[in-house]
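Structure first, commentary second.
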Amino acid sequence: MKFAAVIFDLDGTIIKSEDVWGKAYLSVFKKLGGKIDKGFVHTPGVSVRSNWKQILVKYSLRTHKTPEELETLTYIEYGKLIPEVKLNDGIVEFVDSLQENGTSLALATSTNWETTSKVLEHFGLTNCFENITTGEEVENPKPAPDIFLLASEKLGVDPVDCLVIEDSMSGVTAAHEAEMKVIAVSNGEDTKSLDGADLIVEGFPEITLKAIDAIDSD
């Protein structure tokens, strides 16, 4: 494989967690006295703090708590729900194939370090990555390229030699802004928002080394 490194997103990519995050947001929302008539919605692929800034406006929620405080409360609620999180099908086999190929692996997630560590430990994935970069380490969250650029810097690999695996439009945008190729995993969801990706697949069983090399040769 021509890529020297693969950088993974966590939520929605490695793990099925967006519904669980939704429960965490909703729990905090209700504790603040928030009421909704229709389904509660958060935005996948962006930081918890950024989500709360959007939620406060969208639902006209009045609170003295700052987005930073709401972020902390949401992480606490999510931590309680980690046992409900599932691995996406084929991720373990895909990671194994990359390791056998000698490819460097990194993780770049908007989730904070404490929660990321708990998730990786829960699934026995702690030692799969040469380095882990979290949203706390960068000034600008996705869709800015900062987190992917820092991950490649830690690896000592030029950004153009890195491939990103993502599941959200903000992640796809961030990868391209970092001058990296990106595969988007749709997990069976609508792929329209992922149209900018270099390759869109439904799941990891579709990602082969041959398919990856085809991206690189474009």
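Structural remarks
- Residue in segment 31-38 that is assigned to a loop (DSSP other than H, G, I, E, B) and basic (K, R) present: yes
- Exclusive hit being among the β-branched types (V, I, T), crowded, with 16+ Cβ neighbours inside 10 Å and in contact with a His (Cβ under 8 Å, 6 or more places away or on another chain), set V138, V85: V85
- When every residue of segment 114-133 is checked against the conditions, at least one turns out to be surrounded by fewer than 20 Cβ atoms within 10 Å (Cβ to Cβ), on the phi > 0 side of the Ramachandran plot and assigned to a loop (DSSP other than H, G, I, E, B).
- Within segment 137-173, restricting attention to residues that are closer than 18 Å to L105 by Cβ and small (G, A, S), the residue that is nearest to the chain's Cα centre (by Cα) is G171.
- Identity of the residue in segment 170-216, surrounded by fewer than 19 Cβ atoms within 10 Å (Cβ to Cβ) and in contact (Cβ under 8 Å) with a residue 60 or more places away in the chain, that ends up nearest to E18 (Cα to Cα): N187
- Of the residues making up segment 105-150, those that are small (G, A, S) and more than 27 Å from M1 (Cβ to Cβ) are S117, G135, A144.
- Test for V92: is it surrounded by 14 or more Cβ atoms within 10 Å (Cβ to Cβ), assigned to a helix (DSSP H, G or I) and in contact with a strand residue (DSSP E or B) (Cβ under 7 Å, 6 or more places away or on another chain): no
- Matching option when the condition is acidic (D, E) and part of a helix (DSSP H, G or I), among E136, E189, E179: E136
We did not get these values from a lab; they are worked out from the coordinates using the rules stated. Keep in mind that what you see is a predicted model, and the values were worked out from it rather than measured. Every residue, glycine as well, gets a Cβ built from its backbone with ideal geometry; the counts of neighbours run over all protein chains shown.
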